[in-house]
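K.L.:
Dropping the structure in here first, questions after.
The values are calculated or read from the model by the stated rules, or taken from the named source; none is laboratory data. These numbers were taken from a predicted model, which means no experiment stands behind them. Heads up, the Cβs are rebuilt from the backbone with ideal geometry, glycines too, and the neighbour counts pull from every protein chain shown.
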Amino acid sequence: MGCGNCSGGSCSPAGCGSKGHCASGGCNRFNAFDWLADLPAEPQHSTEPEWVEVRFKANRKEYFVNASKAALYPNEWVVVEAKNGYDMGQVTLKGELVRLQMRKRKQSMTDSEVRKIFRKANESERERLQGLRSKEMDVLSRARGVVDMMRLNMKLTDVEYQADASKIFLYYTSEQRVDFRELVRKLAENLSARVEMRQINARQEAARLGGLGVCGRELCCSTWLTDFKPVTSTAARYQQLSINQVKLSGQCGRLKCCLNYELDTYLDAIKDIPKGVRFLQTKAGVFDCIKTDIFKKTMWFQLRRREAGGSENPTVALRVDQVRELLDQIQKGAVPESLSGYAPVEEKTTEAEPDYEVNVGGGLNRFDRPKNKNRKKKRSKPASPTTAVKPSTP
């Protein structure tokens, strides 16, 4: 049950309104399941204050301490302490799981750097925050105008208001270092608030903007992916994909993150394939390796045309263990006669007929009704009336 406001990441649970505990799950965007909720806290942490993970706009998450130990529920709005003033966000996790997340991200738990949760947000504070969210597009347009006027090599992507309207965060992307001190001064004068610039990379920009991928689903970076691991063209080579920059690039202009999803499976399967086997030398000629199926553990070899003597150059499929045996024989000096003793690959010339009717030569207008060129039917001319001839009187 979506809320229709997933782009901002500030949606509230829909359905029965049971504070996110029902099966609706709100908009199901970056949901986190607290699998330690039913377990008691560790004895050494039982007397310490409760840690809470709070989500802000565009799924930016930070950690706070619930010093008052108020009863908080997932997707509940709270007022938290900011560096200057206060801010508002939604509760995503609390308890022991947050402590593990902070340890994983090397977040400090010292009292000097910990910010607190003040209280639960009331209805008027939430309405005020929604009003600030409605002004952000206007602020973004004005800020882009100032950037164009100053001719800075940077691209503003998003704006975020702090809940008390005392600070505005501007997110930008740039390929090089930009001196925006004069820009911050002019924006602070025009917007009557403190301005803080935050640089993000291309993948983070795509995550904030969102969109649909070539698979037809919403982008992984804007739904569930939080850690952006580096993606190289080597991942495409291991998966035997054609190195086409257009097809392998995502909306961010970088290589798609999904190239890493099945990479470990390919790396495990390629361990059984002999490395560096491009051809096999036989007395009958040289057989080149034209194809390798790492999952079926099969390699295809074909005799070179110039050594085939004008005849058909057969294609032979060998198992991986057979290739290793041939390589051992060649290294020992026993060159095999030929690969003709192995079963050649039979090319299937007959294709199975589809169980549906295919219009091969049809175009986009093949379902349109044929137009009648001659709409007006030719009317037959009426026959001329016959005149009665009176017989002459004698």
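Quick grid of which residues meet (1) within 23 Å of SER192 (Cβ to Cβ); (2) surrounded by fewer than 17 Cβ atoms within 10 Å (Cβ to Cβ):
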{"residue": "VAL98", "(1), (2)": "no, no"}
{"residue": "LYS106", "(1), (2)": "no, yes"}
{"residue": "THR110", "(1), (2)": "no, yes"}
{"residue": "GLU113", "(1), (2)": "no, yes"}
{"residue": "ARG119", "(1), (2)": "no, yes"}
{"residue": "GLU127", "(1), (2)": "yes, yes"}
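K.L.:
Restricting attention to the stretch 253-293, which residues are without any contact (Cβ under 8 Å) to a residue 40 or more places away in the chain and in contact with a Lys or Arg (Cβ under 7 Å, 6 or more places away or on another chain)?
P.N.:
Correct list: ASN260, VAL286, ASP288, CYS289.
K.L.:
A further question on this structure: Of all residues in the stretch 287-311, count the ones that are at pLDDT below 85 and either surrounded by 14 or more Cβ atoms within 10 Å (Cβ to Cβ) or charged (D, E, K, R) (or both).
P.N.:
Residues in the stretch 287-311 being at pLDDT below 85 and either surrounded by 14 or more Cβ atoms within 10 Å (Cβ to Cβ) or charged (D, E, K, R) (or both): 6 in total.
K.L.:
Among the residues that make up the stretch 22-37, is at least one of them surrounded by 14 or more Cβ atoms within 10 Å (Cβ to Cβ), modelled with pLDDT under 80 and closer than 30 Å to ARG194 by Cβ?
P.N.:
Scanning the stretch 22-37 turns up at least one residue that is surrounded by 14 or more Cβ atoms within 10 Å (Cβ to Cβ), modelled with pLDDT under 80 and closer than 30 Å to ARG194 by Cβ.
K.L.:
Also, I was wondering about something else. Would you mention how many residues in the stretch 240-253 are surrounded by fewer than 18 Cβ atoms within 10 Å (Cβ to Cβ), modelled with pLDDT under 90 and not in a helix (DSSP H, G or I)?
P.N.:
So the answer is 6.
K.L.:
Now a separate question. Considering only the stretch 51-110, how many residues are among the charged types (D, E, K, R) and part of a strand (DSSP E or B)?
P.N.:
Residues flagged as among the charged types (D, E, K, R) and part of a strand (DSSP E or B) within the stretch 51-110 amount to 7.
K.L.:
Give the stretch 152-185 a look and list any residue that's buried (at least 17 other Cβ atoms within 10 Å of the Cβ), more than 30 Å from SER124 (Cβ to Cβ) and more than 27 Å from the chain's Cα centre (by Cα), or say none.
P.N.:
Once the filter is applied, which keeps residues that are buried (at least 17 other Cβ atoms within 10 Å of the Cβ), more than 30 Å from SER124 (Cβ to Cβ) and more than 27 Å from the chain's Cα centre (by Cα), the stretch 152-185 yields LEU152, PHE180, LEU183.
K.L.:
Right, something else. For the structure I just gave you, tell me whether ALA67 is of a type in the set (Gly, Ala, Ser) and over 17 Å from ARG198 (Cβ atoms).
P.N.:
Spelling it out, ALA67 is indeed of a type in the set (Gly, Ala, Ser) and over 17 Å from ARG198 (Cβ atoms).
K.L.:
Something else now. ASN153 versus (1) assigned to a loop (DSSP other than H, G, I, E, B); (2) assigned by TED's automatic domain parsing to the domain that holds TRP51; (3) without any contact (Cβ under 8 Å) to a residue 40 or more places away in the chain; (4) not hydrophobic (A, V, I, L, M, F, W, C): which is the lone unmet condition?
P.N.:
Just one mismatch for ASN153, condition (2).
K.L.:
Further question: Among the residues of the stretch 183-204, count how many are touching a residue at least 40 places away in the same chain (Cβ under 8 Å) and small (Gly, Ala, Ser).
P.N.:
1
K.L.:
Quick one: count up the residues across the stretch 129-140 that are within 29 Å of the chain's Cα centre (by Cα) and either exposed (fewer than 13 other Cβ atoms within 10 Å of the Cβ) or touching a residue at least 40 places away in the same chain (Cβ under 8 Å) (or both).
P.N.:
6
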